[in-house]
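These notes are about the structure you will find just below.
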Amino acid sequence: MKIAKNPVETFINSSTSGSYILILFTVIALVWANSPWQESYHTFWSETFAIGFSNTDFIIEKPLYLWVNDGLMTIFFFYVGLEIKREILDGELTTMRKASMPIFAALGGIVVPIAIFLLLHDQDRGASGWGIPMATDIAFSLGILNLLGKRVPLGLKIFLTTFAIIDDIGAILVIATFYSHEMHLSYLFIALGILTFLAFLAYKKFHSKYLLLICGIAVWILFLKSGIHPTIAGVLLALVIPSARNMNLDNFFKEIRSSLNVFEKTKARKFVLSNKQQDAVDRINLITDRVQTPMQQLENGLSGWVAIVIMPVFALANAGITINLDSLNETQLISQIAIAMVAGKVIGISLFSYLAYKLKIAVLPTGINFKQIIGVSFLGGVGFTMSLFIAELAFRSDDLLTTSKIGILLGTVVAGIAGYFILRIQLKKKEEEKASAPH
């Protein structure tokens, strides 16, 4: 059994496995929304649910799809925040030397797609969708990269993962700044006060899952009431999670050895553990939890839920596009989004990476070349999850939502297929060159 060597590899493995489920649920949503039962799809996700007390300010009433987009996706953004924090503390963003190439790649992958969309779009109608092409879907892009098998260098996977995470930071800032509603500062200040309190507790190395849950729900509600999109609350909550251990490693090794000695010296039974063995196992579980930081515990615990539940449910709720003549009327917007997603990412990521390298601001990751970066830059155009999310914010009350989703699916498919075949050709050439080289 292969064990991941570092947190980045663990994240890559969980993302690629989740991408196949994401694809499955996307296909289910598209088939359902274009089947004879299409009405049931839209009726189901439009069903309204309320939580709170009626006739008061303490009630939240939303259609089911918004409970997914505003509620369930907050957990996804919380997980993204944990990823960002981990990368900054102990990952590919710890030093400028390691982070410089992905930072420039991400910057190009944000600025150029937006610029191309705005250049192509010459009218006010639909202009609010400018943020759609800037996003990269980590799970989908890594899933496509994983189809190429073991021939893909780890450095290429890490490069894609890192610039996609930085891309997420850009998307979060854009959502918070441009896609939030009219702000009510009183609610916002209370939410920031709770976050400051949690940050103080983290500084004091105190962490309680129950307190985090209560405060997290309160902050989510306050952000919702403040007008700032509530998913931003998830990111900010992640940033105040303690990243320090409750036990030092010397004590950890000592306690583990002591528990193992008890376990080994106790007479073994055929089917069940003895009481002393069970006590030793419980002790090992307890100290293993204590040696992990709260940040790591939450990230590891949420990874499966995000990959297998949250993102597929989001896809099921948002990818169900009923394609008809009305939805294809705005072909100009469809092509603008798709072109900005594919061409914008390829030009932006490749050009900014090349300029950073030539200006000696950044260095190429070990074991990869610029031809491979061009292939990966196509995969950067696989926007799916975050693009659909931004489209829903941009066109929530607009008849252009379906049209924008068609553009996102078109751009994602083109970028994914092109990236796969370009990388396949490049990696095959590299293998042939290696095989023909004198030993």
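The values are calculated or read from the model by the stated rules, or taken from the named source; none is laboratory data. Remember, it's a predicted structure, so these values are computed and weren't measured experimentally. Positions of Cβ are generated from backbone atoms using ideal geometry, with glycine treated the same way; all protein chains shown enter the neighbour counts. Protein only, heavy atoms only, side chains kept; ligands, DNA and RNA dropped before computing areas. Shrake-Rupley method; radii C 1.70, N 1.55, O 1.52, S 1.80 Å.
Here are some notes:
- Output for segment 379-398, where each listed residue is among the polar types (S, T, N, Q) and crowded, with 21+ Cβ neighbours inside 10 Å: Thr385, Ser387
- Any hit, segment 252-266, residues being small (Gly, Ala, Ser), within 31 Å of the chain's Cα centre (by Cα) and at pLDDT 70 or above: no
- In segment 48-65, residue most open to solvent (accessible area, probe 1.4 Å) [restricted to those that are modelled with pLDDT under 75 and not aromatic (Phe, Trp, Tyr)]: Asn55
- Restricted to segment 315-338, and to residues there that are outside any loop (DSSP other than H, G, I, E, B) and out of contact with any Ser or Thr (no Cβ under 9 Å at 6 or more places or on another chain), the residue that is most open to solvent (accessible area, probe 1.4 Å) is Gln332.
- Considering segment 342-373, and only residues there that are aliphatic (A, V, I, L, M) and not in a helix (DSSP H, G or I), the residue that is most open to solvent (accessible area, probe 1.4 Å) turns out to be Leu359.
- Residue match in segment 15-27 (condition: surrounded by fewer than 18 Cβ atoms within 10 Å (Cβ to Cβ), modelled with pLDDT of 90 or more and either over 23 Å from the mean Cα position of the chain (by Cα) or of a type in the set (Val, Ile, Thr) (or both)): yes
- One residue stands out among those in segment 289-314 that are farther than 28 Å from Phe384 by Cβ and free of Cβ contacts under 8 Å to residues at least 12 places away in the same chain: the one that is least open to solvent (accessible area, probe 1.4 Å), which is Gln297.
- Within segment 111-126, the residues that satisfy the criterion of being open to solvent by 30 Å² or more (accessible area, probe 1.4 Å) and at pLDDT below 90 are Asp122, Gln123, Asp124, Arg125.
Here's the yes/no breakdown for (1) closer than 20 Å to Phe395 by Cβ; (2) surrounded by 23 or more Cβ atoms within 10 Å (Cβ to Cβ); (3) among the hydrophobic types (A, V, I, L, M, F, W, C):
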| residue | (1), (2), (3) |
| --- | --- |
| Trp67 | yes, no, yes |
| Ile88 | no, no, yes |
| Gly109 | no, yes, no |
| Ser128 | yes, no, no |
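- Odd one out for Leu401, checked against (1) open to solvent by 10 Å² or more (accessible area, probe 1.4 Å); (2) touching a residue at least 40 places away in the same chain (Cβ under 8 Å); (3) on the phi < 0 side of the Ramachandran plot: (2)
- Some residue of segment 173-183 being of a type in the set (A, V, I, L, M, F, W, C), surrounded by 19 or more Cβ atoms within 10 Å (Cβ to Cβ) and closer than 22 Å to Ser243 by Cα: no
- Enumeration of residues in segment 130-143 that are assigned to a helix (DSSP H, G or I) and open to solvent by less than 30 Å² (accessible area, probe 1.4 Å): Gly131, Ile132, Pro133, Met134, Ile138, Ala139, Phe140, Ser141, Leu142, Gly143
- Of all residues in segment 176-195, those that are part of a loop (DSSP other than H, G, I, E, B) have Cβ atoms under 7 Å from Cβ atoms of residues that are of a type in the set (A, V, I, L, M), 6 or more apart or on another chain, in Tyr179/Ile390; Tyr179/Leu393; Tyr179/Ala394; Ser180/Ile228; Met183/Ile228.
- Counted residues, segment 217-243 - those being touching a Phe, Trp or Tyr at 6+ places or on another chain (Cβ under 8 Å) and in a helix (DSSP H, G or I): 11
- So Val376, is it surrounded by 18 or more Cβ atoms within 10 Å (Cβ to Cβ) and touching a residue at least 60 places away in the same chain (Cβ under 8 Å): yes
Yes/no per residue for (1) over 26 Å from Ser180 (Cβ atoms); (2) over 20 Å from the mean Cα position of the chain (by Cα):
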position: Pro113; (1), (2): no, no
position: Asp124; (1), (2): no, yes
position: Met134; (1), (2): no, no
position: Leu145; (1), (2): yes, no
position: Ile158; (1), (2): yes, no
